[in-house]
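Where a number appears in this text, it was derived from the coordinates with a stated rule and is not lab data. Only a predicted model underlies this, so the values are computations on that prediction, with no experimental measurement involved. When we count neighbours, we look across all protein chains shown, and the Cβ atoms used for this are built from the backbone with ideal geometry, even at glycine.
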Number of protein chains: 2
Amino acid sequence: MSDVTARRRGRRPRTESEGTRERILAVAREEFSKRGYEKTSVRGIAKAAGVDSALVHHYFGTKEQVFEAAVEVAFAPALQARDMLLDGPVDTVGERLTRVVFGLWENPVTRTPLLAIVRSAVNNDTAATVFRRMVSTQLLARVAGEIDAPDAELRAELAAAQVVGTAMLRYVIKVEPLASVDVEQIIARVAPVVQGHLTGNLTGHLSGPPER
Amino acid sequence: MSDVTARRRGRRPRTESEGTRERILAVAREEFSKRGYEKTSVRGIAKAAGVDSALVHHYFGTKEQVFEAAVEVAFAPALQARDMLLDGPVDTVGERLTRVVFGLWENPVTRTPLLAIVRSAVNNDTAATVFRRMVSTQLLARVAGEIDAPDAELRAELAAAQVVGTAMLRYVIKVEPLASVDVEQIIARVAPVVQGHLTGNLTGHLSGPPER
């Protein structure tokens with residue numbers, strides 16, 4: 001990347017180019033969420049946004065960087081919320097976390113980039129790396145940091161697994177009745193599981209593999 | 001479909017054509033698991049198996065039917081196991097179910113078709129329909145049938161969500177440390193959650209949205 005490009009990317013003028021930049025991101029989110037990472041091309045995004053491919057590269061860099069910028073909109077509120085919710089008492093962190101995540105999924109503005117992340121990460125290693133970087137490093141590691149246990153990271157990941165799996169079955173694969181029930185019903189059942197993974201003693205009553 | 005085709009498909013001779021059929025299915029599983037449903041073509045499967053596309057259509061029908069036949073190998077042991085495990089006491093069904101599902105994921109033979117299902121269902125409506133039909137109708141509905149609760153289906157789906165989400169983060173997106181820990185550690189933490197969803201009273205200590 002040239003110095004000029006880097007500088008431009010860092011301090012871009014907030015005028016008409018800002019509108020173009022946002023339009024490109026909106027188109028990119030749509031494309032990635034519908035088609036997944038692999039089938040989406042910078043050329044296709046540029047065409048749908050009515051600009052030249054070179055301009056997309058100029059603003060964002062590689063396709064991976066376009067993807068990161070496009071899905072970032074889902075993480076900005078998630079990270080804000082995370083900082084806020086980690087302030088509360090640890091024995092209700094499960095409900096607060098669950099409520100924030102399903103709030104993002106229920107909101108059409110943040111659902112599109114979340115769909116883009118899930119649809120892309122499952123089929124493409126580059127997108128999976130972005131997912132790991134954003135979700136693990138930024139979100140799960142911070143949540144784990146609040147948990148006082150030697151296996152805090154694993155706990156945070158198993159909590160995330162319940163949430164990610166529920167979101168997949170409800171919003172992506174649309175299994176009924178899960179896809180149609182009120183979100184409060186889901187939060188009421190998922191939150192205690194998230195809490196249990198994070199701070200509970202779930203393994204207490206299990207004693208290794210059964211003898212069969 | 002002609003009568004002749006239907007008859008052939010039902011009672012095919014178990015000789016050299018059986019070998020060809022199995023070879024096509026093995027290739028199809030690889031293709032679907034690596035590339036997902038949309039990017040896989042009957043033509044590509046035929047080419048990799050060294051046969052004509054017409055033969056693939058002759059044995060299996062449409063691409064959707066090739067997909068179903070290819071992933072069925074993961075469901076045969078799952079359904080056998082299901083019938084077996086539903087025989088046991090209901091208060092340990094969580095551990096038995098969890099153990100069976102992670103047994104399938106840990107086994108390379110059944111992991112490939114499971115990857116094919118996950119990678120395909122997330123990006124394609126046809127594959128998602130196959131997923132719903134196989135998982136919901138055949139597996140979850142049967143598990144729900146064993147649960148004595150008015151919301152048995154939702155319970156079975158939320159239990160499945162914990163398992164599906166854990167499998168996604170461990171085997172597909174490979175988030176650490178979840179991807180590397182011993183499977184027994186995962187079973188020990190996931191099984192109580194599955195049990196709790198199926199037969200527990202998880203919503204007991206929650207009382208609606210917090211006032212914030």
ask   = Measuring from a point 7 Å out along Cα→Cβ, what nm distances, shortest first, does residue B:141 have to its partners in the other copies?
value = 4.6
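How high is the FRET efficiency between residue B:26 and residue A:92 when r is their beta carbon distance and R₀ equals 45 Å, given to the nearest 0.05? Walk me through the numbers before you get to the answer.
Values: r = 50 Å, r/R0 = 1.12.
So the FRET efficiency works out to roughly 0.35.
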Cα Rg, Dmax, the range B:70-199, angstrom units = 14.0, 38
message = Residue by residue through the range B:65-70, what is 3J(HN,Hα) from phi via Karplus (6.51 cos²θ - 1.76 cosθ + 1.60, θ = phi - 60°)? Round to whole Hz and write x for glycine and proline.
response = 6, 4, 4, 4, 5, 5
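Kirkwood hydrodynamic radius, the range A:34-145, all distinct C-alpha pairs: what's the number in Å? Kindly include the intermediate steps, with their values, before the conclusion.
Numbers: mean 1/r = 0.0658 Å⁻¹.
Across the range A:34-145, the inverse of the average 1/r is 15.2 Å.
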note = The ³J(HN,Hα) series, computed from each phi in the range A:137-148 with the Karplus coefficients 6.51, -1.76 and 1.60 at θ = phi - 60°, rounded to the nearest Hz and given as x for glycine or proline, is 5, 7, 9, 5, 4, 5, 4, 4, x, 8, 8, 8
message = I'd like the distance between the alpha-carbon centres of the range B:104-161 and the range B:16-60, rounded to an integer number of Å.
response = 24
task = Starting from a label point 7 Å past Cα on the Cβ side, list the distances from residue A:64 to the same position in the other copies, nm, shortest first.
result = 3.7
query = In chain B, which residue puts its Cβ closest to the axis that turns chain B onto chain A, and how many whole Å away is it?
reply = B:165, 1
note = In nm, the gap between the two label points placed 7 Å beyond Cα toward Cβ at residue A:106 and residue B:180 is 3.9
query = Can you list, shortest first and in nm, the gaps between the label point of residue A:44 and those of its counterparts in the other copies, using a point 7 Å from Cα in the C-beta direction?
reply = 1.3
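Are any of the pairs A:63/B:34; A:47/B:174; A:174/B:47 more than 29 Å apart by Cα-Cα distance, and if so, which?
Details: A:63/B:34 21 Å; A:47/B:174 34 Å; A:174/B:47 34 Å.
Checking Cα-Cα distances, A:47/B:174; A:174/B:47 exceed 29 Å.
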